[in-house]
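Here the structure is laid out as C-alpha cells; the discussion comes afterwards.
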Amino acid sequence: MTEIPADNSPRRLSNAYQNWYRFSRNPTAVIGAAIVVIVILAAILAPWITPYPEHVGAVVNFRARHLPPSAEYWFGTDNVGRDIFTRTIFGLRISLLLALVVLGTAVPVGTVLGLLAGYFGGWVEIVIMRITDIALAIPPLVMALAVAAVLSPDLINSMLAIAALWWTWHTRLIYSITRQIRTQEFIEAAETLGASKFHILIREILPNCVSALAVKTSLDCGFVILVGASLSFLGLGIQPPTPDLGTMVASGSAFLPDSWWESVLPGCAILVVALGFNLLGDGLRDLFDVQEVR
Amino acid sequence: MSQALLSVDNLSVDFSTYGQTHHVLKNVSLDVPARSQIALVGESGSGKTVTMKAIMGLLRQPPATIAGGRIFYDGRDLLTLPDKERLKLRGTAMSMVFQDPMSSLNPVFTIADQMTTILKYADRRLDRQRNGRDRLARVHEVLTQVRMRDPERVARSYPIMLSGGMRQRVLIAMALLSEPKLLIADEPGTALDVTTQAQILKLLKDLVEARGLALLMITHNLGVVRETSSYVYVMNKGQVVEHRPTAELFAAPREDYTKALIAAVPRLTGGTRFGTAEVAP
Amino acid sequence: MSAPMLEIVGLTKTFPVRDGLGRSAGAVRAVDNVTFSIPRGQVYGLAGESGSGKSTIARMIMGLTPPTAGDILLDGENITGRTGTRAYGRKVQMVFQNPGSSLNPRRTVAQSIAVPLDAHGHPRRERAGRIAELLDMVQLPADFAERYPHELSGGQKQRVAIARALAVAPKLLVLDEPTSALDVSVQARVIDLLVDLGRQLDLTFLFISHDLSLMRNFAQQVGVLYLGQIVETGPTAEVFTDPQHDYTRLLLASVPVISAEEEAMRPKIPLIDGEIPTAEKLLALRQAAKP
C-alpha cells in the first residue's frame, strides 16, 4: 500500500519575495511610497538640490519681487524676492520634523497604553480608556490654539500640543486589537507554557499589531502635516523667516489672485506630501489585509 | 454523457499566484444523473472545492482561469452560456447548501427577511409573478419541509436565536426555495456536533429521495460518503483518481490512494493500529 | 507505578449567570462533580459534544481557570487552584485543537518553541540544539525552525505545537481535539506520532474529542461527558460495544462509518427528529428550574 505523502507543505517562497511581489503589484502603495521617498530625500538634501539655499533666511531682493514661475525661479518669487521653490523644499523639512516628533512620541505612548489596557482589563483598562476618551473629545487644532494662546506661538509649543492629544488614536487602535488577540488560542497556549506577562505583551501581541500600526502611522503623517500647516496658516506655528509651507500659503494669500504662485504652489506641496502618506497608508492596508486573510 | 443532469467534462483550472501558475484541476470529469446521489470526496487541496465553485460559477477569475473543458447542465454548456442565462440557473435550477451555519446567515435580518429576499430575486430572474404574502407562504412551506416544528416562529427569528442545527436546516430550506433539481452540498454539518450532523445528513437524504432531487455531496469525510451517496468520485491533487458505486469502493478500492485513504480512517469496531512498529518500546 | 498520573476528584465548575440588568440569576454548572483518574502511560479519552464541559475540564487542569470545587492531583501532588502555570507547567502541557490559531502567526517555529524553554529557565546556549532535537522528535526537518506558521501545512503546524508542548519534558499531555482540524490521512500520521512519542517518552495522555472512532483506537479508557457530568466510563472497548447510557448510545448511533461491521455495532436507535436536547439547552433548562 502506498503511503499518502504525510504533509504536503505549501511551496516555499521567501517572505520578502512574497511581500515585494504584492507590493510591486499594488499601484497605490508604489505611488505613495515613491512620493514619500522623494519628499524625504528632497528634505534631507535641500541645501544641495535647491538653486538658492540662502533664500531660506531673511534675504531681501526687491528687484525680483513677485516674479512668476520661470526657468530661473521654478515656482516664482515672493513679496521680498525669494525663490519659492527653494523655500518649499526647505519647508518640507519642517513638515516632516513635525510629523516625526509628534508621531515619535504619540505612537510609543499610545501603543504601550493600548497594550496595557487591552491585556490587563479591570481598573487598568478603566483608568486608561476613560482618560483616552476625555482626550479624544478635544480637537487637536483647538488644543494647539489654546496652548499657543497661553504660551507663545512657536513650533515647539504646537508640536507639544498636537502630540499631547495624538496618542489617543493609537491607544484606541492597539486596545481594540489587543482585546481581540488576547482571547486567541495562541495567547492561551503561551500562558500554559509558562510565558511571563511581559513576554506575552511584547513578543506575542505586539508583533500582531505592527501592520495596523504601520498603516495608521503612515496615514497619520499626512494628517499631522496638515494640522501643522493649518496652525502655521493661522500664524500659530512656525514664525517667519523660517520657511514653512503653511506660513507660505498664508503670506502668499495676500497677493492673490495676481501672484497666485506664492500661495498655490506651496499649497500643492502640502497636498502632495499628505497625499503621498495617505496613498502609502492605504496601500499598506491592502497589502496587510491580504496577509491577514491568508 | 449528455443525459446526465450535470456533467463536468475534462475540466481544467489554473491558478496564478505570485507570477506562478498552478494546475489546480486536471481533466476532471464527473456526471450527476437526475435523481442520483453522488459524492465528491477528497482531502484539503484535492480540488473538490474548486470543482464545486466552477460548477456554481463562483470561481474568481483572476486568479483562476478555466484552461479547458465544459460543464453541462441539462444539455447546456454553462461555461459558454451568457452571464444572464447562467444567473437564472444559479439558486433556482441548481442550489447550494453551505457549510457554515454561523457565517452563511446575515445576523441583522430575520430568517423570513433573508429568505423572501432570495426568493424575490429568483422570481425576478425567472420572470415569475408572486406577491409578498405568497413568498412568505413559500418560506413557511420550505421550513416545514426541513421539519421545523414551528415554521412561523423560526421565520420571525434572527439567526442568533436558533441553534446550530436549526440554522443548518434553514440553509437547506433556502436551497429548496426555488424547487431546484440539483442540490450541491458543501460539507453540511461539519461545523456541528456529531449527533446534530447525523440528523442533518438524514434530513438531506430523506428530502432528496422524497422530492426526486439530484445531490452532489462534497465532503472530506468517508463516513458521510457512505451514508449519503450511491456513487462516489475520489479526488486527489486536482484529478479524479477513482469513481465507482459507493458500496464497491468501500468493499474493494482499486487505486493505491483510495486504499490508503480508507485505511487511514479509524474504525468504530477498533483494530486500527497507530504508531510505527519500528519504534522500540 | 502506584499513584495515577492524573486524578480528578469531584471537580466542579459553576459560572454565574446574570440577568439583563447584570444581577446574579443563579449559576450554570458547566462541570458537575467529575471524577476520573489516568494510570501512568495510558490514554484516557474524554468524549463529549460542545457544551459538555470537556474544554472547561482541560482549562482547569492547565490552571487557566480555577475550579469551584474538587481536587486535581497531578503525579500525586494536589495542584488544585494553582493558576500560576509555572509552578507545575513542567509536568503537564497541552496541545490545542486548532494549530492554525494556537501558533502565533508573527513568530517563527523556533521562536514559538523557545517560549516554554525560556519560561522554565532552559540555558540559552543550549536552546538551538534543543529546538533541533524537538523538531527531530516530531519528524520535521531542522530548517523548519525559521519558518512562519503560514508556510506550514496543518499537520506540520500540529507537529510544531506538539514539539512545543514537549519542550520542557512533561509527563502528561492534554490533547484537546488535536486532529479535528486535519485531513484523515494527516490525522493518522499525527496520531502515529503521538503513540510513538508516548512509548518513547513514557507519556500519559488525556485525549479530549468528539470523534468516537478515533477514540476507540487511541484511548484505553473512556469517559462520556454529557451536560458536565461523566455519564459512563470504563475500558473503551466495553463502553463502545455495550453502552449503558442513552446518550452514549445516541453518540454511537450518530457516528458516520465506512463498513458494515461498524454499522452492525452501532446501536439501532432512531435519531431523534427535531431538536436533540443539546447540552447548552438542557443546561439552560436546568438552571431555570433551580431556585
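The values are calculated or read from the model by the stated rules, or taken from the named source; none is laboratory data. Everything numeric here is computed off the predicted structure, so don't read it as measured data. Counting neighbours? That spans all protein chains shown, and the Cβs are built from the backbone with ideal geometry, glycine included. Surface areas here come from the heavy atoms of the whole protein model, side chains and all, with no ligands, DNA or RNA. Shrake-Rupley method; radii C 1.70, N 1.55, O 1.52, S 1.80 Å.
Observations on the structure shown:
- Qualifying helices (runs of 4 or more DSSP H) (wholly inside region C:90-148; at least 1 residues being of a type in the set (A, V, I, L, M, F, W, C)): C:109-119, C:127-137
- Residue within region B:141-163 that is surrounded by fewer than 21 Cβ atoms within 10 Å (Cβ to Cβ), within 24 Å of B:Phe250 (Cα to Cα) and more than 12 Å from chain C (Cβ to nearest Cβ) present: no
- Search result, residues across region B:233-251 that are of a type in the set (A, V, I, L, M) and open to solvent by less than 50 Å² (accessible area, probe 1.4 Å): B:Val234, B:Met235, B:Val240, B:Val241, B:Leu249
- Counting residues in region B:22-41 that are assigned to a loop (DSSP other than H, G, I, E, B) and either open to solvent by less than 10 Å² (accessible area, probe 1.4 Å) or within 14 Å of chain C (Cβ to nearest Cβ) (or both) gives zero.
- Matching residues, region C:194-224, being buried (at least 21 other Cβ atoms within 10 Å of the Cβ), assigned to a loop (DSSP other than H, G, I, E, B) and either more than 7 Å from every other protein chain (Cβ to nearest Cβ) or at pLDDT 90 or above (or both): C:Leu203, C:Ala219
- In this structure, A:Ile131 does satisfy being hydrophobic (A, V, I, L, M, F, W, C) and closer than 29 Å to A:Gln184 by Cβ.
- The one condition in (1) closer than 24 Å to A:Val37 by Cβ; (2) open to solvent by 50 Å² or more (accessible area, probe 1.4 Å); (3) of a type outside the set (Ser, Thr, Tyr) that A:Val127 fails to fulfil: (1)
- Evaluated against (1) open to solvent by 40 Å² or more (accessible area, probe 1.4 Å); (2) more than 30 Å from C:Gln42 (Cα to Cα), B:Tyr257 falls short on exactly one condition, (1).
- Taking region B:44-81 as the range and being assigned to a loop (DSSP other than H, G, I, E, B), in contact (Cβ under 8 Å) with a residue 12 or more places away in the chain and open to solvent by 20 Å² or more (accessible area, probe 1.4 Å) as the test, the residues that pass are B:Ser44, B:Gly45, B:Gly57, B:Leu59, B:Pro62, B:Pro63, B:Asp74, B:Gly75, B:Leu79.
- In the set (1) open to solvent by less than 60 Å² (accessible area, probe 1.4 Å); (2) over 16 Å from A:Ala229 (Cβ atoms), the condition left unmet by A:Ala148 is number (2).
- Look at (1) of a type in the set (A, V, I, L, M); (2) within 16 Å of B:Leu182 (Cα to Cα); (3) touching a strand residue (DSSP E or B) at 6+ places or on another chain (Cβ under 9 Å) and you find that B:Ala67 fails only one, number (2).
- Filtered by the rule that a residue be open to solvent by 20 Å² or more (accessible area, probe 1.4 Å), out of contact with any strand residue (DSSP E or B) (no Cβ under 8 Å at 6 or more places or on another chain) and assigned to a loop (DSSP other than H, G, I, E, B), region C:52-69 gives C:Leu64, C:Pro66.
- A single entry from A:Asp258, A:Asp282 fulfils the requirement of being of a type outside the set (A, V, I, L, M) and either assigned to a helix (DSSP H, G or I) or on the phi > 0 side of the Ramachandran plot (or both): A:Asp282.
- Test: residue in region A:61-80 that is under 19 Å from the mean Cα position of the chain (by Cα) and not polar (S, T, N, Q): no
- Among (1) within 30 Å of A:Phe288 (Cβ to Cβ); (2) at pLDDT 90 or above; (3) surrounded by fewer than 14 Cβ atoms within 10 Å (Cβ to Cβ), the one test that A:Pro27 misses: (2)
- In region C:123-173, residue nearest to C:Asn104 (Cα to Cα) [restricted to those that are among the charged types (D, E, K, R) and open to solvent by 70 Å² or more (accessible area, probe 1.4 Å)]: C:Glu146
- Restricting region C:180-193 to residues that are over 17 Å from C:Asn98 (Cβ atoms) and either more than 8 Å from chain B (Cβ to nearest Cβ) or part of a loop (DSSP other than H, G, I, E, B) (or both), the residue that is modelled with the highest pLDDT: C:Leu193
- Search result, residues across region A:130-145 that are over 21 Å from the mean Cα position of the chain (by Cα) and surrounded by 13 or more Cβ atoms within 10 Å (Cβ to Cβ): A:Ile131
- Residue check for A:Ile89: touching a Leu at 6+ places or on another chain (Cβ under 9 Å), open to solvent by 10 Å² or more (accessible area, probe 1.4 Å), assigned to a helix (DSSP H, G or I) and not hydroxyl-bearing (Ser, Thr, Tyr): yes
- Among the residues making up region A:103-151, a single one is touching an Asp or Glu at 6+ places or on another chain (Cβ under 9 Å) and within 19 Å of A:Gly235 (Cα to Cα): A:Ala148.
- Any hit, region A:107-124, residues being surrounded by 14 or more Cβ atoms within 10 Å (Cβ to Cβ), under 30 Å from A:Pro240 (Cβ atoms) and touching a helix residue (DSSP H, G or I) at 6+ places or on another chain (Cβ under 8 Å): no
- Exactly one residue out of B:Ser103, B:Ser157, B:Ser178 is touching a residue at least 12 places away in the same chain (Cβ under 8 Å) and under 23 Å from the mean Cα position of the chain (by Cα): that is B:Ser178.
- Members of region C:94-116 found to be within 16 Å of C:Ser55 (Cβ to Cβ) and at the interface with chain A (Cβ under 8 Å from one of its Cβ atoms), listed by number: C:Met94, C:Phe96, C:Gln97, C:Asn98, C:Ser101, C:Ser102
- Scanning region A:193-210 for residues that are in a helix (DSSP H, G or I), at the interface with another protein chain (Cβ under 9 Å from one of its Cβ atoms) and of a type outside the set (A, V, I, L, M, F, W, C) turns up A:His199, A:Arg203, A:Glu204, A:Pro207, A:Asn208.
- All positions within region C:236-265 that are part of a loop (DSSP other than H, G, I, E, B) and either more than 9 Å from chain B (Cβ to nearest Cβ) or at pLDDT below 85 (or both): C:Asp242, C:Pro243, C:Gln244, C:His245
- Some residue of region A:227-238 being free of Cβ contacts under 8 Å to residues at least 24 places away in the same chain and either part of a loop (DSSP other than H, G, I, E, B) or farther than 22 Å from A:Ala274 by Cβ (or both): no
- The listed residue being in contact (Cβ under 8 Å) with a residue 60 or more places away in the chain and either open to solvent by less than 20 Å² (accessible area, probe 1.4 Å) or out of contact with any Pro (no Cβ under 6 Å at 6 or more places or on another chain) (or both), out of A:Ala190, A:Ala214: A:Ala214
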